[in-house]
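Heads up, the thing below is written out as structure tokens.
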Amino acid sequence: AQSVSQHNHHVILSEAASLELGCNYSYGGTVNLFWYVQYPGQHLQLLLKYFSGDPLVKGIKGFEAEFIKSKFSFNLRKPSVQWSDTAEYFCAVNANNNNDMRFGAGTRLTVKP
Amino acid sequence: GAGVSQTPSNKVTEKGKYVELRCDPISGHTALYWYRQSLGQGPEFLIYFQGTGAADDSGLPNDRFFAVRPEGSVSTLKIQRTERGDSAVYLCASSLAGVGGEQFFGPGTRLTVL
């Protein structure tokens with residue numbers, strides 16, 4: 001079945017640690033890829049997206065993600081996390097220009113000051 | 001520059017009752033989406049509107065769920081004969097473009113069915 005998998009349910013890091021959150025999808029064909037973030041008490045908001053072109057995309061707040069087509073992956077990275085990055089992170093895929101967007105289950109990130 | 005708004009923010013109802021959830025998208029956004037998010041899960045697609053018409057309702061779980069957008073702006077998600085399993089956060093999102101465009105999410109309506 002088509003799906004979006006986020007490998008880590010809860011990640012706990014200290015400030016200044018490096019972050020990598022995994023995302024894999026099982027769709028074939030053309031995909032648009034997204035990472036959304038939900039800070040405590042706030043709405044879901046877009047961190048970054050990939051439609052085409054350079055597979056390494058830069059987003060807001062120092063986040064980046066790399067699309068590796070051969071691995072069906074779109075992992076999110078940040079070299080040095082801050083306490084304010086504590087949030088839930090969702091990977092999402094829009095496949096073959098379908099109307100729906102499929103989300104992963106989310107990864108909760110806790111950054112200890 | 002108001003964002004997407006949703007009302008009510010919380011709704012508690014009894015099993016078997018009818019509920020309506022409202023979404024007010026960003027002005028000028030033609031595309032509108034409804035999602036349902038259960039505890040510990042990501043948002044699950046329900047329905048997509050382009051203008052006034054439901055372009056894709058393939059995510060609606062059954063015929064108790066229905067949504068309208070009569071004037072191409074505000075949308076209402078309607079749930080008949082609610083069940084305990086309908087308890088979730090219902091999210092609305094809108095975008096300028098249709099498919100693949102950045103979606104802007106509202107705060108959600110938390111529905112609890114007792």
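Coordinate-derived values only; no laboratory data. What you see is a predicted model; the values in this text were computed from it and never measured. Note that each Cβ is placed from the backbone with ideal geometry, even for glycine, and that neighbours are counted across all protein chains shown.
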Could you identify the single residue in B:Ser75, B:Ser87, B:Ser94 that is more than 14 Å from every other protein chain (Cβ to nearest Cβ), within 13 Å of the chain's Cα centre (by Cα) and over 12 Å from B:Leu46 (Cα atoms)? B:Ser75
One residue from A:Leu33, A:Leu46 being surrounded by fewer than 19 Cβ atoms within 10 Å (Cβ to Cβ), within 12 Å of chain B (Cβ to nearest Cβ) and outside any loop (DSSP other than H, G, I, E, B): A:Leu46
Which numbered condition B:Pro8 fails, given (1) touching a Ser or Thr at 6+ places or on another chain (Cβ under 8 Å); (2) of a type outside the set (D, E, K, R); (3) within 14 Å of chain A (Cβ to nearest Cβ): (3)
Restricted to segment A:9-30, and to residues that are of a type outside the set (Asp, Glu) and closer than 15 Å to A:Ala65 by Cβ, which residue is surrounded by the fewest Cβ atoms within 10 Å (Cβ to Cβ)? A:Ser18
Please verify whether A:Phe90 is within 26 Å of A:Lys112 (Cα to Cα), within 12 Å of chain B (Cβ to nearest Cβ) and touching a residue at least 12 places away in the same chain (Cβ under 8 Å), treating the condition exactly as stated. yes
Check A:Thr86, A:Thr107 and return the single one that is closer than 23 Å to B:Ser38 by Cα, out of contact with any Asp or Glu (no Cβ under 6 Å at 6 or more places or on another chain), of a type in the set (S, T, N, Q) and surrounded by 20 or more Cβ atoms within 10 Å (Cβ to Cβ). A:Thr107
When both residues are 6+ apart or on different chains and their Cβ atoms are under 6 Å apart, which pairs have a first residue that lies in segment B:40-51 and is within 9 Å of A:Phe103 (Cα to Cα), and a second that is aliphatic (A, V, I, L, M)? B:Gln41/A:Ala105; B:Gly42/A:Ala105; B:Pro43/B:Leu91
Any residue that is small (Gly, Ala, Ser), farther than 21 Å from B:Leu60 by Cβ and part of a loop (DSSP other than H, G, I, E, B) - is there at least one of those in segment A:82-92? no
Might you let me know whether segment A:70-82 holds any residue that is surrounded by fewer than 20 Cβ atoms within 10 Å (Cβ to Cβ) and either within 14 Å of chain B (Cβ to nearest Cβ) or in contact with a Lys or Arg (Cβ under 7 Å, 6 or more places away or on another chain) (or both)? no
